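Everything on this sheet refers to the single structure shown next.
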């Protein structure tokens, strides 16, 4: 059966009729499933006829033995709802998606094989991809428009011209899509210049381009590099994402709308990236690497026309006005009423969140329990830990030495191959942090990626060895995965202490290693907090450091189930849970200072908030009625 969309030199034909695609990206895995229909209706209200989504492999296959298409991973249901709302669908199954998503969508467990090479024609890698596609592609294929569904376009890989030039790899993916039943139009997407297109395109798939500005220059390039083809902007970057420790990104609505007008006036099809950005729930945010790791925030608002919480922004109205010049749209108020949605979803108003209890996690069995011993410090991937914290521990003999001025000192510990941040404790004393963001609470940056990462023990010599000499102490190291790189040459990085812990003249072996899968630990940590003696008041100075990491139990009451924004500007760095669900990472260095909590996670009555804070004892918590960004 021929594809519904037919590329011609003059544009697309849809069932033989001229057609221009006006699409918007909404990632099902960044929106609560109970809100999918509402958000898709907002896309319709903006004037779109199509929705585009990536597929995040790591959401569907968290370990090699488990494949799920349920809950937030129910891609089929998302596509079915989109069809019910009259939207065509573009699906980009990867296996690589970038998307500022952890590891570019690859599960961490694929990195257990230290020789694994991603995104190339490597037999071991392709076996994993083929097995995954055997499960995934039928879900998409049965929803193609030719089979009564709404999928009109499927992408081969993603921006491959920005990574490699393995034509055999792209051909394998293209042929695999066809062999598994994809009959609709295949496309690729790459940057808007020859240097990307030469390696990212493949015969049998229509090239599309990604850009956010200089539309007229792109049109000129397309006449030269992509002649006799319909031109489509697969990613119109109308906003941008945020890294921790950087400024919040925003883009003038008028500027973005002017670019859109240039596209539509030239007959170009377009996909807004993003139409609605959504949220990197839990610890699913990825990272970039530009000389230093740049972790992405929990919010993926992207300054999109539809905000993270569904609000219709100034950019939404500007885009709708442009689209209305090129297709008939009803008055917005009338359309919103017909769709049954409000321009601004209900949200809980500002109020205090009462802190009820604070407890030192280091006093718990979770911190002190024994764990299997490994000859060298294992990586997250060796233990099957996708995201969270890995606790390394062992006994170490320390020895004071004399300086020339008569004072004593201690040699530092050196962490070789640290990825990404470590908190170190010696006999219950917090001696410091190292790696990414180790000075973040002080200077507002996430810099600090050096090898080795050095943890100075000299400032603590009088506490650890008041009489000098030597003794054996217990060393505990918490290492946090701040997000695997999702784009570029550092894709596929492993996490943990990758080369070893060095003490004076040697590596230290035989480390106990205890994985903390934080996304799954909300209920467990709540029980731990209830059983521990409390921290009576928010300490300061050295006393505060010795209380960390701290569990903070708080609550708020509400008479309605509505969205909430949890203000964490008075907290440090850690993970927040609401009613047992892991909402995401927070970090006082900003720019994000609040976490979005979707209405389905809010209860009428009492709502429980739990923080695991590694950097600071929070002084207050609040709900606010709008997201907070620096």
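The values are calculated or read from the model by the stated rules, or taken from the named source; none is laboratory data. Predicted model, so just to flag it, every value in this text is computed and none were measured. Glycine gets a Cβ as well: all are built from the backbone with ideal geometry, and neighbour counts include every protein chain shown.
Some points to look at:
- Residue that is nearest to residue 475 (Cα to Cα), among those in region 379-406 that are in contact with a helix residue (DSSP H, G or I) (Cβ under 8 Å, 6 or more places away or on another chain) and assigned to a loop (DSSP other than H, G, I, E, B): 400
- Applying the set (1) at positive phi; (2) free of Cβ contacts under 8 Å to residues at least 40 places away in the same chain to residue 584 leaves exactly one unmet item: (2).
- Note on region 579-595: residues that are crowded, with 21+ Cβ neighbours inside 10 Å, touching a helix residue (DSSP H, G or I) at 6+ places or on another chain (Cβ under 9 Å) and under 16 Å from residue 72 (Cβ atoms) total 2.
- Residues in region 487-519 that are within 27 Å of residue 296 (Cβ to Cβ) and either without any contact (Cβ under 8 Å) to a residue 24 or more places away in the chain or assigned to a loop (DSSP other than H, G, I, E, B) (or both): 487, 488, 489, 490, 491, 492, 493, 494, 495, 517.
- Any hit, region 104-120, residues being part of a loop (DSSP other than H, G, I, E, B), under 26 Å from residue 4 (Cβ atoms) and in contact with a strand residue (DSSP E or B) (Cβ under 9 Å, 6 or more places away or on another chain): no
- In region 60-80, the residues that are surrounded by fewer than 21 Cβ atoms within 10 Å (Cβ to Cβ), more than 19 Å from the chain's Cα centre (by Cα) and either part of a helix (DSSP H, G or I) or not assigned by TED's automatic domain parsing to the domain that holds residue 151 (or both): 76, 77, 80
- Test: residue 207 is touching a strand residue (DSSP E or B) at 6+ places or on another chain (Cβ under 8 Å) and assigned to a strand (DSSP E or B): yes
Yes/no matrix, rows are residues, columns are (1) over 21 Å from residue 218 (Cβ atoms); (2) over 16 Å from the mean Cα position of the chain (by Cα); (3) assigned by TED's automatic domain parsing to the domain that holds residue 191:
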{"site": "254", "(1), (2), (3)": "no, yes, yes"}
{"site": "267", "(1), (2), (3)": "no, yes, yes"}
{"site": "270", "(1), (2), (3)": "no, yes, yes"}
{"site": "273", "(1), (2), (3)": "no, no, yes"}
{"site": "281", "(1), (2), (3)": "yes, no, yes"}
{"site": "295", "(1), (2), (3)": "yes, no, yes"}
{"site": "300", "(1), (2), (3)": "yes, no, yes"}
{"site": "319", "(1), (2), (3)": "no, yes, yes"}
{"site": "328", "(1), (2), (3)": "yes, yes, yes"}
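- Residues of region 356-365 classified as over 17 Å from residue 521 (Cβ atoms) and surrounded by 19 or more Cβ atoms within 10 Å (Cβ to Cβ), total: 1
- Qualifying positions in region 36-58 - touching a helix residue (DSSP H, G or I) at 6+ places or on another chain (Cβ under 7 Å) and farther than 23 Å from residue 188 by Cβ: 36, 37, 40, 41, 44, 45, 46, 47
- Residue 63 being touching a residue at least 40 places away in the same chain (Cβ under 8 Å) and within 30 Å of residue 338 (Cα to Cα): no
- For the criterion of being part of a strand (DSSP E or B), within 26 Å of residue 597 (Cβ to Cβ) and at pLDDT 95 or above, residue 25 passes.
- Boolean, residue 499 is in contact with a helix residue (DSSP H, G or I) (Cβ under 6 Å, 6 or more places away or on another chain) and within 20 Å of residue 417 (Cβ to Cβ): no
- Number of residues in region 337-350 that are out of contact with any helix residue (DSSP H, G or I) (no Cβ under 6 Å at 6 or more places or on another chain) and over 25 Å from residue 555 (Cα atoms) equals 6.
- Among the residues of region 120-140, those identified as surrounded by fewer than 20 Cβ atoms within 10 Å (Cβ to Cβ), closer than 21 Å to residue 61 by Cα and touching a residue at least 40 places away in the same chain (Cβ under 8 Å) are 120, 126, 130, 134, 135, 138, 139.
- Looking across 606, 616, one residue alone is touching a strand residue (DSSP E or B) at 6+ places or on another chain (Cβ under 8 Å) and in a loop (DSSP other than H, G, I, E, B). It is 616.
- Residue within region 391-411 that is in contact (Cβ under 8 Å) with a residue 24 or more places away in the chain, within 27 Å of residue 63 (Cβ to Cβ) and surrounded by 23 or more Cβ atoms within 10 Å (Cβ to Cβ) present: yes
- The conditions of being surrounded by fewer than 18 Cβ atoms within 10 Å (Cβ to Cβ), within 25 Å of residue 136 (Cα to Cα) and in contact with a helix residue (DSSP H, G or I) (Cβ under 8 Å, 6 or more places away or on another chain) are met by residue 204.
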